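Since the structure comes first, as structure tokens, the remarks are kept for the end.
The values are calculated or read from the model by the stated rules, or taken from the named source; none is laboratory data. What you see is a predicted model, and the numbers here were worked out from it, not measured in a lab. Virtual Cβ from ideal backbone geometry, glycine too; neighbours counted across all protein chains shown. When the accessible area is computed, the model is the full protein with side chains, heavy atoms only, and any ligands, DNA or RNA have been set aside. Shrake-Rupley method; radii C 1.70, N 1.55, O 1.52, S 1.80 Å.
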Amino acid sequence: MHSFSPIGYVECQQRYRYEAARQASIAPDNEAWIQLVDDEDLRLGLRGLEDFERIWVLYELHLNEGWHPLVQPPRAEADKLGVFATRSPHRPNRLGLSCVRLLGVEGARLHVGQHDLLDGTPVLDLKPYVPYADAFPGARAGWIDACEEVVYALHIVPAAQEQIDWVYRQAGWDLMNFLQVQLRTDPTHAERKRIERHDDLYRIAFRTWRIEYAVDEVTQSVEVRRVRSGYRSEELVEGSEDRYEDKGVHRAFVRAYGA
């Protein structure tokens with residue numbers, strides 16, 4: 001058995017697994033920092049890395065417990081496959097590998113973008129992405145080659161954008177990143193996501209928030225219409241139980257935008 005010590009940790013807005021894209025290469029234009037632990041040798045080890053546009057990040061999938069030999073790939077028409085034929089995070093050893101954009105190096109901190117990492121992720125190693133050695137665009141990709149994935153365009157109406165910005169400022173939740181991750185593909189897949197249908201609209205849940213949107217299958221687009229509180233009016237009465245300690249911000253949201 002071998003043990004590994006993290007060389008640093010990720011700092012970003014994304015904290016939960018459903019906020020992370022399936023792959024870094026299809027992640028929203030988000031940003032994060034990798035803070036190295038206090039070690040002069042590690043800082044020296046970064047010399048020259050700033051000249052690379054992309055880097056590989058090896059890390060621990062620290063939120064996962066246990067693993068599954070067979071997993072359901074994120075394509076509705078695909079059968080279960082062996083975990084080693086997928087990029088599922090539920091693996092025998094909790095190791096993750098992502099190729100992210102390197103935006104800059106500031107001392108012992110790396111600024112990265114277009115990532116699929118979560119806040120607090122322990123980083124085990126960093127390597128430069130080398131196009132001639134790391135890219136094989138003509139290689140066969142097994143079951144993925146046989147699955148056509150529909151990518152939906154995401155549109156946010158101005159009123160919904162105002163609400164998204166309000167939630168980010170007041171509650172610290174990055175709903176925009178969440179929507180870009182969850183609604184880019186399979187925006188009606190209720191079996192895999194917390195989605196409900198209400199008449200002609202869909203509603204997806206992000207913790208105690210709900211976002212309503214319409215889907216146009218002809219144009220393959222999603223239009224986000226509104227953000228709502230996930231609490232009923234009687235649950236927001238002053239003095240009611242506040243399990244997640246967030247009802248204060250929900251009351252303020254309802255006063256500003258209605259139930």
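How big, in percent, is the set of alpha carbon pairs in the chain lying more than 28 Å apart? Counting pairs separated by more than 28 Å, the tail of P(r) holds 44 percent.
Only the Cβ atoms of Lys and Arg (+1) and of Asp and Glu (-1) were treated as charged; on that basis the dipole of segment 1-66 about its Cα centre amounts to roughly 300 debye.
Cross-link partners for residue 193 among the lysines, with Cα-Cα distance under 22 Å and sequence neighbours closer than 8 places in the same chain left out: 80.
Looking at the chain, the DSSP beta bridges with both ends there are about 90 percent antiparallel.
The charge dipole of the chain, taken about its Cα centre with unit charges on the Cβ atoms of Lys, Arg (+1), Asp and Glu (-1) only, comes to about 420 debye.
For segment 19-60, run through the trypsin sites (Lys or Arg not before Pro) and keep only the ones in DSSP coil with at most 11 other Cβ atoms within 10 Å of their Cβ. Filter output for segment 19-60: 47. Measuring how big segment 128-255 is from its alpha-carbon positions, Rg and Dmax come out at 18.7, 62 Å. Of the GluC sites (Glu not before Pro) found in segment 24-71, those that fall in a DSSP loop while having at most 12 other beta-carbon atoms within 10 Å are 53, 65.
When the helices of the chain are scored as -39500 (n - 2.57) per DSSP H run of n ≥ 4 and the total is divided over every residue, the value at 222 nm lands at -4500 deg cm²/dmol.
Taking a point 7 Å from the Cα of residue 29 along the Cα-to-Cβ direction, the residues of segment 116-139 with backbone N closer than 20 Å to it are 116-117. Compare the Cα positions of 128, 113, 147 along the charge dipole of segment 99-149 (+1 at Cβ of Lys, Arg; -1 at Cβ of Asp, Glu; about the Cα centre) and return the one farthest towards the positive end. Going by the charge dipole, the pick is 128.
The alpha carbon radius of gyration of segment 1-143, expressed as a multiple of 2.2 N^0.38 Å, is 1.09. In the full protein context, the chain carries 59 Å² of accessible surface per residue, based on a 1.4 Å probe and ignoring ligands, DNA and RNA.
Within the shell defined by Cβ-Cβ distances under 15 Å, the residues around residue 238 carry a net charge of -2, with Lys and Arg each +1 and Asp and Glu each -1. Mind giving me the FRET efficiency for residue 216 and residue 85? R0 is 25 Å, r the Cβ-Cβ distance, nearest 0.05 is fine. According to the calculation, E is roughly 0.15. Heavy-atom accessible area, probed at 1.4 angstrom with all protein chains present, ranks 224, 215 as 215, 224, highest first. Split the accessible area of the chain by element, probe 1.4 Å, and carbon with sulfur accounts for 49%. Here the dipole of segment 151-215 is about 240 debye; that uses its Cα centre as origin and unit charges on the Cβ of Lys and Arg (positive) and Asp and Glu (negative). Each other residue within a Cβ distance under 11 Å of residue 56 adds +1 if Lys or Arg and -1 if Asp or Glu, for a net charge of 0.
When you filter the chymotrypsin sites (Phe, Trp or Tyr not before Pro) in segment 121-161 for DSSP loop state and at most 12 other Cβ atoms inside 10 Å of their Cβ, nothing is left.
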